[in-house]
Every structure is written in structure tokens, then in C-alpha cells.
Amino acid sequence: MADFLQLIISGTATGAIYALAALGFTLLWQASNTINFAQGEFVMVPAFIMLFFITTTGLPLWLAFLLTCAVAMLLLGYTFKLAIVDPLIRHGVIPLVIATLGLSIGVKQLVKAGVTAQALPFPNPFPDGLLALGDLKVSYADVGTLVVAGAIVIGLQMFLNRTVTGRAMQAVAQNTDAAKVLGINVKRMVLYTFLINAVLAVVAALLVTPTYLAKFDMGESIGLKAFYAAIIGGFNQTRGALLGGVLVGVLENLTGAYISPAYKEGVALLLFLVVIIVRPEGLLGKSEERKV
Amino acid sequence: MKHALRNTFAVLALATSTAALAQQGPVKIVGLMELSGTGATAGTNFDNGVKLAVKEINASGGILGRKIDYESWDTQTAPQTAKALAQKAVDQGAYVVMGPVFSGSIIVSMAETKRAEIPNFTGGEAANITQQGNAYVFRTSFTQSTAMPKLARYIKDTIKAKSVSMMWVNNDFGKGGRDAMAKALEAQGIKVAADISTDAGQVDFSGPVLKAKQSNADALFVYLNEEESARALRELKKQGYDKPIIGETTLTGQKVIELAGDAANGAIAHVGLTVDAPQPGIKAFDEKFQKEYKYKSDHNGMKGYTGMYVVKAITERNKKFDSKEFAKAMHGATIKVKDTPGVLLDVHFDNNGDLDRESFLTKVENGKQVVTATLPPVNPIQ
């Protein structure tokens, strides 16, 4: 039983990281109908930026994290929106999907050729060791990940539901035209979404890189699983991203331990297929009807 | 008629002088290296080792008076790319081909060098590389069927384990190691409590580690590539695994220690080559490598370096650049440090292209690999 609980907790911690990246998918989709297939690389790039600050300027991890948040908001939020999303979005979703796929490949190659093709170690923000609760032993890293990711998700929900700006962002997500009529600055709200997505990616990088190691292709797995998680939970629901991420993380862990580690990587895909067939709008998603 | 004869002689003279110039010019050696992809760590180290040896050899006048023109190409850790590049190396008239380092790549690419009768050195350790009757493939490290019995004996006699869990990477390197280790453990009467397969490039090791913990074995044998070894060690530490963790070659390598950090402490491995070995020649290599590349070489750097010096020794023994004669001379060859210091340890090649030499038992202590014992060659080197 202790093993089972340990699996659930570590799976939830991993799932929470997927959820952070998945939240980015859902936020961008809701606010600007953007599907960002470079989301995994949006996690990889901050990992290297943080490492740059730590190794070249000797900054502590927390300060490197804060500086990286600023750089990411500028680079992965503002510049991404300005240079890629804004010119392409009027042509529909498909050109943007192709552009972000290209961006994903381009960024990977750039880091591979310009920085290194090898993996680099990354400092752990949490102390080593295990927290013993009777027979149950949970690592501080898992507890820390759960606390940080949980706080981010809850904080984001509160921001979206309880602040004027958050509600305005939701209004833009639900009906852009109506939001305009109500006097909401739609462009600004959409920009906020991109900035939030960039910060979420930095947090995901902080939590996942100590285990995954900083490498140019580290975003592939995260990006794909976050996409699956977003679809499973419901692409048009931020709560859905959380549920999808945790489901994927926990099921992967249980499959790896009780069936075979060899099947672990296929769990997310299987769940994704089942949801797409049985409930295309996702577990918590709302079906969208369009008049023609 | 006179004109025709004169032109013929002129052409012949030109052809002869061009051939003579080619014989005097640099000799082409190609490296098929994993410079990106999952094998980037191993390939880059091997490549740097080769380059250091080439630099030294060229600085001291080359081989038989000819400089080495070494060029490394990136296989991207993809066997089919390695095969295509091997064909390109053949087309460009390579004298010797170094690499690939990964077993899965050399098994595919060596068909090309064999067809062209070009000697091919590899860092791959899978037993089946040299069991296919290829007279042109040569190792720069032990075959798994030599290394695993040494390790199994250590597990029985020193660790005194009665059961072992095995965590291995599902590629040619890992499968070969798993099979050789399972056989060696069985021969020592040690039970395999869990057989855990993982993927090349796997990033999350929580499942495999939990499986190892659940098996309750006396020790864990980890046989993964460098990056995966580091991730596994980090996860083992994270989950509080407290039994001996034992590996072969990669587990206590420099890159693994660098990537795993504190999590590498306590890991034990049998290694064919290590810069921490007490031999003065190896210490000198360590210093030169660090000076050149600003980091410490792992075993792959040493494989590349020693491999290139084997090329030098055998070519000088043959007194000519003849790929076919080179391969013939390699079978049964013994190269001693006193004659060729660059081989670092006395080495003997058998008729399959497998090598034998001293090896080491190592343990990671305070983030450093420490040699705890030097094991003799399987057969004494005469």
C-alpha cells in the first residue's frame, strides 16, 4: 500500500509539471486560438537561460529563475506573439500550427548547434532526502514540486476568477467581440496570456530539469505529454489541463510499476485516443458549437 | 606516332607523380561519431580522444612520415546515418574508420567498411559485434562477454549478493549487456530478481526505480548509456534506494558523475579504462586531455585516444599504408606501452578483433571516481 501511495504522489508531482505546460496550451487556445507546438521547447529554453545565469554570472538559482522569467516573458511571450502569432493568426490555425512546429525544430537545432548537444546538470531547487510518513517515503523533490505546481495552478485560477484582469482575460477567451464591445482591451489581455504562458514554462523548466537534465531535446517529451494532457482534460478548460496532466502522470507511474516500464510511454497516447473517440471535448471540456 | 608516344609517356609520368604525391600526402582517417542525439556524450568524448592523439602524432611527424588528415562526421546516433557515412568514408578512400561508438550503429555500418576491406575501430561493447566473422572490425574496449563475468564474480565474492535486479537500456548495447550479465550471474548462482528494460533517451526513471525497489534484491545492476545512467542515479537517490548499485563501464564515468552530482556517490562499476587509474601514462593522458578540452575525459575519450595509437603502432609495424595488411596484422597483435606509450595499457587483440588488457573496479566517492582494485587481463599479455 505504501508503494502504491508513493506511486500516486510521485505521479501527481510529475503530472503537475505536465499540467503547467498543458495550462499554457489551454490558455493560448482560449485567448487567441493559438496551438503552440513549440511548448516543449518553451520549457527547454528557460532551462538553458537559467543555467547561463548560474554558470556565467554565478547567480543563485532563485535569482536566475526570476531573471529568466523576465527574459522568457520578453522572448517567449512578447516576441513570440509579435513575430509569429500576430502575422499568422489571421490566416487560421493551420499556418500557425505549422509555424510553431517549425519553431520547435529551429529552436532545438539552434541550441544543439549553438550551445551543446550534450546534457547538462541542473541544480535541484529542493533539498535531497526523504520525508517518512510511517511506511510511506516521499522525496522532498516530489513534495516541493507538488507544492510549487499546486500553488501556481491555484494562484492562476484565483487570478482568472477573482481579479478584474483575470475576468477580462476570460471574457476575451469566451467571446472576443463581446469583450471588445464591453471596452476590454483585447490585445492587452491576449498579451497577458502569452506572458503567463512564458512564466509557466519557466516554472516547469525549474521543476523538471533537475531530473530530465538540460538538453536540447528535453522538451519533446514534455511538449507531447502536455498536449495530450490538455486534450484529455479539455482544451478549452484550464481545470482540464490540471486533471489531464495529473491523470497522465499517475497512470504512467502505475503502468511502469505494475505492468512494465516499457509500456509507460504509451499510456498518455492510449488515454488520448480513448478521450478523442469517446469524449472529443475532453473530460472537463465543453463542446463548442459553430453555426454555418 | 612520335607525338602519340610522347603524350603517352607524359600522361604516365603525370599519373605516377600524382600517385607518388598521394602516397606522401596526408592519410585520410574518418570518424563516424555520435556528435548529437542520445549518444552525443559518448561520441563527443571518443572524437576528442581521437583528435588529441592525431594532434600528438602529427606534431611528432605523423605515421611513417605522413600526417593524418582526420575528419569526424556526425551520425546523429542513427544507425542508418552511420551506414551512409561509412559508405561516404569508403568513397573518400579512408585508410581506417574510427567509430561509431554505439553498438547499434556499428552493427549496421560495419557492413560497408567490411565490403571495402577497411579496418573499423569501434567503442561498441555489444558481444555480437565481433561474433559475425568480420575480419575488419576491432574494439577499443572490452566485449561484454569478457567484462560481465569479472563483475559477476565481484558481486558474489565482495558484495555477497544472492539476488540482483537488472536495469538495462533496450538497445543493442543494453540487450547484449543484459544477456551477458544474466548468463554470468547464473554461472555464479545469483538469482535475477527483476529484469527491468528502459528506453534509450528515457528521461523519467521513477517506474524502473520503483520496480527495482519492489524486487527487494540484494543489489541493483544498472546498464544504461551515460545520460540515462545519471537520470537513473538521481531517481534512485530521490526514492531512497539503499542497496549497492553496480554497473559496467558507464555508471561511474566522468560524465555520469558530472550529471548525477551527489546521486553518483556510492555507485560501483567495472571499467576497462579510467583516467583515475594509477598508471603514470594514464595520468599524463588525463592532464593533456584536460588541458586541451577543459574537462576530464571519460572512458570513451581514452578509447578514441588509444585506438588511434593502435593505428599508428600497427601501421609502423607493417611499414606501409595498406588497409588489408593492417587488418591482418591486427589479429593476434600485442602492443606494449614501452613501445607505444599512447596505448596507455599493454593490449592484446584476438582473432575476432576483441581486446584484452588490465581493467579496474571503481567506486564514486565524494563526486570522484576512485579505483578500488586493478584486475589482471583474462590471459596474461606476453
Query raised in the report: Assuming A:Ala21 fulfils every condition listed in (1) over 15 Å from the mean Cα position of the chain (by Cα); (2) among the small types (Gly, Ala, Ser); (3) at pLDDT 90 or above apart from one, which condition is it?
Result: (1)
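Of the residues that make up the range A:43-63, is at least one of a type in the set (Gly, Ala, Ser) and within 14 Å of chain B (Cβ to nearest Cβ)?
yes
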Requested in this report: Quick one: B:Glu235 ticks every box in (1) in contact with a strand residue (DSSP E or B) (Cβ under 8 Å, 6 or more places away or on another chain); (2) within 8 Å of chain A (Cβ to nearest Cβ); (3) among the acidic types (Asp, Glu) except a single one, so which number is it?
Outcome: (1)
Query raised in the report: What is the one condition in (1) within 14 Å of chain B (Cβ to nearest Cβ); (2) within 19 Å of the chain's Cα centre (by Cα) that A:Gly256 does not satisfy?
Result: (2)
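Criterion first (without any contact (Cβ under 8 Å) to a residue 24 or more places away in the chain and away from chain B (no Cβ under 12 Å)) does A:Ala99 satisfy it?
Values: without any contact (Cβ under 8 Å) to a residue 24 or more places away in the chain: yes; away from chain B (no Cβ under 12 Å): yes.
For A:Ala99, the condition - without any contact (Cβ under 8 Å) to a residue 24 or more places away in the chain and away from chain B (no Cβ under 12 Å) - is met.
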Report task. Kindly indicate the residue of the range B:251-285 that is within 14 Å of another protein chain (Cβ to nearest Cβ) and assigned to a loop (DSSP other than H, G, I, E, B) and also surrounded by the most Cβ atoms within 10 Å (Cβ to Cβ) among those meeting that condition. Result -> B:Gly253
Report summary line: Only one of A:Arg167, A:Arg188 is surrounded by fewer than 19 Cβ atoms within 10 Å (Cβ to Cβ), away from every other protein chain (no Cβ under 14 Å), touching a Leu at 6+ places or on another chain (Cβ under 9 Å) and more than 30 Å from A:Gln109 (Cβ to Cβ), namely A:Arg167
Report summary line: Apart from one, (1) buried (at least 24 other Cβ atoms within 10 Å of the Cβ); (2) outside any helix (DSSP H, G or I); (3) free of Cβ contacts under 8 Å to residues at least 60 places away in the same chain all hold for B:Phe121; the odd one out is (3)
Query raised in the report: What are the residues in the range B:104-118 that are β-branched (Val, Ile, Thr) and touching a residue at least 60 places away in the same chain (Cβ under 8 Å), if any?
Result: B:Ile107, B:Ile118
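Report those helices (runs of 4 or more DSSP H) wholly inside the range A:200-280 carrying at least 1 residues which are surrounded by fewer than 19 Cβ atoms within 10 Å (Cβ to Cβ) and β-branched (Val, Ile, Thr). Give the derivation first.
Working: elements: A:219-233, A:238-258, A:261-264, A:267-278.
Filter on the range A:200-280 gives A:267-278.
This table checks each residue for (1) in contact with a strand residue (DSSP E or B) (Cβ under 6 Å, 6 or more places away or on another chain); (2) surrounded by fewer than 20 Cβ atoms within 10 Å (Cβ to Cβ); (3) not hydrophobic (A, V, I, L, M, F, W, C).
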position	(1), (2), (3)
B:Met110	yes, no, no
B:Arg115	no, yes, yes
B:Gly133	no, yes, yes
B:Val137	yes, no, no
B:Thr140	yes, no, yes
**Report entry** Out of B:Lys338, B:Lys328, B:Lys303, sole residue that is under 26 Å from B:Gly133 (Cβ atoms), surrounded by fewer than 17 Cβ atoms within 10 Å (Cβ to Cβ) and out of contact with any Cys (no Cβ under 6 Å at 6 or more places or on another chain)
**Finding:** B:Lys328
**Report entry** Count - residues of the range A:106-125 that are within 10 Å of chain B (Cβ to nearest Cβ) and surrounded by fewer than 21 Cβ atoms within 10 Å (Cβ to Cβ)
**Finding:** 7
Query raised in the report: Which residues, counting only those in the range B:206-232, are more than 7 Å from chain A (Cβ to nearest Cβ) and among the small types (Gly, Ala, Ser)?
Result: B:Ala212, B:Ser215, B:Ala217, B:Ala219, B:Ser229, B:Ala232
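Is it fair to say B:Asp199 is facing another protein chain (nearest Cβ under 8 Å) and crowded, with 24+ Cβ neighbours inside 10 Å?
Values: facing another protein chain (nearest Cβ under 8 Å): yes; crowded, with 24+ Cβ neighbours inside 10 Å: no.
Against the criterion (facing another protein chain (nearest Cβ under 8 Å) and crowded, with 24+ Cβ neighbours inside 10 Å), B:Asp199 does not qualify.
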Query raised in the report: Quick one: would you say B:Lys291 is surrounded by fewer than 23 Cβ atoms within 10 Å (Cβ to Cβ) and either farther than 21 Å from B:Leu233 by Cα or out of contact with any Phe, Trp or Tyr (no Cβ under 6 Å at 6 or more places or on another chain) (or both)?
Result: yes
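Restricting to the range B:207-249, name every residue that is in a helix (DSSP H, G or I) and aromatic (Phe, Trp, Tyr). Steps first, please.
Of the range B:207-249, the ones in a helix (DSSP H, G or I) are B:207-215, B:226-238.
None - no residue of the range B:207-249 is in a helix (DSSP H, G or I) and aromatic (Phe, Trp, Tyr), so the list stays empty.
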Requested in this report: Could you please let me know if B:Ala193 is surrounded by fewer than 22 Cβ atoms within 10 Å (Cβ to Cβ), of a type outside the set (Ser, Thr, Tyr) and in contact (Cβ under 8 Å) with a residue 60 or more places away in the chain?
Outcome: no
Query raised in the report: What single numbered condition from (1) assigned by TED's automatic domain parsing to the domain that holds B:Met330; (2) assigned to a helix (DSSP H, G or I); (3) touching a residue at least 60 places away in the same chain (Cβ under 8 Å) fails to hold for B:Gly176?
Result: (1)
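Of everything in the range A:7-19 that's crowded, with 24+ Cβ neighbours inside 10 Å and within 8 Å of chain B (Cβ to nearest Cβ), which residue is nearest to A:Ala230 (Cα to Cα)?
Keep residues of the range A:7-19 that are crowded, with 24+ Cβ neighbours inside 10 Å, which gives A:10-11, A:13-19.
Filter once more, keeping what is within 8 Å of chain B (Cβ to nearest Cβ): A:10-11, A:14.
Numbers: A:Ser10: 20, A:Gly11: 17, A:Thr14: 15 Å.
Of everything passing the filter in the range A:7-19, A:Thr14 is nearest to A:Ala230 (Cα to Cα).
Could you list, in sequence order, the residues of the range B:124-141 that are farther than 21 Å from B:Glu248 by Cβ and either part of a helix (DSSP H, G or I) or touching a residue at least 40 places away in the same chain (Cβ under 8 Å) (or both)?
Of everything in the range B:124-141, those that are farther than 21 Å from B:Glu248 by Cβ and either part of a helix (DSSP H, G or I) or touching a residue at least 40 places away in the same chain (Cβ under 8 Å) (or both) turn out to be B:Asn134, B:Ala135, B:Tyr136.
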Report summary line: Quick count over the range A:85-96, residues being in contact (Cβ under 8 Å) with a residue 12 or more places away in the chain and surrounded by fewer than 19 Cβ atoms within 10 Å (Cβ to Cβ), is 2
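Test of understanding: among B:Lys288, B:Lys296, B:Lys320, B:Lys338, which residue is in a helix (DSSP H, G or I) and either within 16 Å of the chain's Cα centre (by Cα) or of a type outside the set (A, V, I, L, M) (or both)?
Details: B:Lys296 fails: in a helix (DSSP H, G or I); B:Lys320 fails: in a helix (DSSP H, G or I); B:Lys338 fails: in a helix (DSSP H, G or I).
Going through B:Lys288, B:Lys296, B:Lys320, B:Lys338 in turn, the sole match is B:Lys288.
Among what's in the range B:169-194 and is farther than 20 Å from A:Glu252 by Cβ and within 14 Å of chain A (Cβ to nearest Cβ), pick the residue that is modelled with the highest pLDDT. So that I can check it myself, show each step before the final result.
Going residue by residue through the range B:169-194, those that are farther than 20 Å from A:Glu252 by Cβ are B:171-193.
In the following step, the residues that additionally are within 14 Å of chain A (Cβ to nearest Cβ) were identified as B:171, B:174-175, B:178.
Working: B:Asn171: 85, B:Gly174: 91, B:Lys175: 91, B:Arg178: 95.
My answer is B:Arg178.
The values are calculated or read from the model by the stated rules, or taken from the named source; none is laboratory data. These figures come from a predicted structure and were not determined experimentally. Neighbour counts are summed over all protein chains in view; Cβ atoms, including those assigned to glycine, are modelled from backbone coordinates with ideal geometry.
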